[in-house]
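Trainee: Have a look at this one before I ask anything.
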């Protein structure tokens, strides 16, 4: 554990020990109703989160106040700490956000056996400051009339000359594209990863597109044959269009990004925050939310993948690598 996190861990334990803890009922929620649970969520969702928090309040009697907004602004506010009301729970749209909050000392340890049981170790912070709530996979979307699925073993294949003029990707800042590069750096090293990305760039049918949805549109229109997108974007498109004809292939390796949960360092109601996170990770709740946002519940995650924190840890190096490879 890095020195900064070790110091925060010890300080948090001392703080918790010094504070009078509320009595809890059978749900694990504090029975003293004075303090609401304040959630800062990197989300523009206007239906699913409010509905979930309303159900939590109905079941427990605990009040939830939620502030939503753009991802970097929400994370920056929680890191800054000078916000009113102070955050109890942080919800991020990527591992980069929740990891950064932990690195900056803005989260306290998430000590919960229920969280550990609900989430595979590779989808939790190794130092126990955050957990994934759901995840989205990097996949290969393709036109089945032009591509044989047997050709698509992994993302490295897209660097081969046979895909020249046939590939579409979103910009290098797209979270799922960065996840692929970041984890491949761990698997292959920086040099071989850069060669792979340079191969992608050489094979592009058009410059990197603004969004993953644009990649699917380009494949559907015949502008390219195959592209890298998230399972979330692909599933949403397939669900939204009756004539959707593209297919998807899972690569041999698993590359993901997550929606993350953590307890804020300056939480006024840390017990309520932990109880809310435990409730959100209950299998029926997480599966309902994952389905609503076209993600995948952590309860169904396979085991044995590289820890998702590597996506955030390698993020800056991945961006620099993409720049060197002229992938922008």
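Bear in mind that the values in this text are calculations on the coordinates, not laboratory data. Nothing here was measured: the structure is a model prediction, and the numbers come from that model. FYI the Cβ positions are ideal-geometry reconstructions off the backbone, even for glycines, and counts take in every protein chain you see.
Trainee: Can you give the alpha-carbon Rg of region 57-170 over 2.2 N^0.38 Å, where N counts its residues?
Mentor: Computed over Cα atoms of region 57-170, the ratio equals 1.52.
Trainee: Would you list 94, 171 from fewest to most Cβ contacts within 10 Å?
Mentor: The fewest-first ordering by Cβ neighbours comes to 171, 94.
Trainee: Further, regarding this structure: Going by how many other beta carbons lie within 10 Å of each one, how would you line up 266, 289, 82, fewest first?
Mentor: Arranged by neighbour count, lowest to highest, 266, 289, 82 become 82, 266, 289.
Trainee: Sticking with this structure for a sec: Can you give the % of DSSP beta bridges in the chain that are antiparallel, to the nearest 5?
Mentor: In the chain, DSSP labels about 65 percent of beta bridges as antiparallel.
Trainee: Any idea what angle helix 190-203 forms with the longest principal axis of the chain, computed on alpha-carbon atoms, 0 to 90 degrees, nearest 10?
Mentor: Relative to the chain, helix 190-203 is tipped by roughly 50 degrees.
Trainee: Which whole-number percentage describes the relative contact order of the chain, with Cα contacts under 8 Å and a sequence gap of 6 or more?
Mentor: Result for the chain is 27 percent.
Trainee: Same structure, new question: Take the Cα of residue 195, step 7 Å along the line toward its Cβ, and report every residue of region 285-322 whose backbone nitrogen sits under 18 Å from that point.
Mentor: 321-322
Trainee: Applying 1/(1 + (r/R0)^6) with R0 = 22 Å to the Cβ-Cβ distance of residue 117 and residue 288, what FRET efficiency is obtained, to the nearest 0.05?
Mentor: That pair, residue 117 with residue 288, gives E of 0.70.
Trainee: Then there's this: Based on the Cβ-Cβ distance from residue 316 to residue 57, what FRET efficiency comes out when R0 is 51 Å, to the nearest 0.05?
Mentor: Using R0 = 51 Å, I get an efficiency of 0.80.
Trainee: Can you pull the semi-axes for region 167-318, root of five times each eigenvalue of the Cα gyration tensor, sorted largest first, whole Å?
Mentor: 31, 22, 13
Trainee: What are the principal axis extents of the Cα atoms in region 151-219, in Å, biggest first?
Mentor: 32, 26, 19
Trainee: Next up: For region 46-104, what D do you get in µm² per second when you plug the Kirkwood radius from alpha-carbon pairs into Stokes-Einstein at 25 °C and 0.890 mPa s?
Mentor: 194 µm²/s
Trainee: Between residue 84 and residue 151, what FRET efficiency comes out of the Förster formula 1/(1 + (r/R0)^6) with R0 = 51 Å and r the beta carbon distance, rounded to 0.05?
Mentor: For R0 = 51 Å, the calculated efficiency reads 0.40.
Trainee: Which percent of the Cα-Cα distances in region 256-328 go past 19 Å?
Mentor: I get 56 percent for the Cα pairs in region 256-328 exceeding 19 Å.
Trainee: Next question. I'd like the per residue volume of the convex hull spanned by the Cα atoms of the chain, given in cubic angstrom.
Mentor: 131 Å³
Trainee: Starting from 0.36 nm per residue, how many nanometres of slack lie between residue 188 and residue 241 once their C-alpha separation is accounted for?
Mentor: 15.3 nm is the gain from fully extending residue 188 to residue 241.
Trainee: Using the 10 angstrom Cβ neighbour count as an exposure proxy, how do 197, 115 rank, fewest first?
Mentor: The fewest-first ordering by Cβ neighbours comes to 115, 197.
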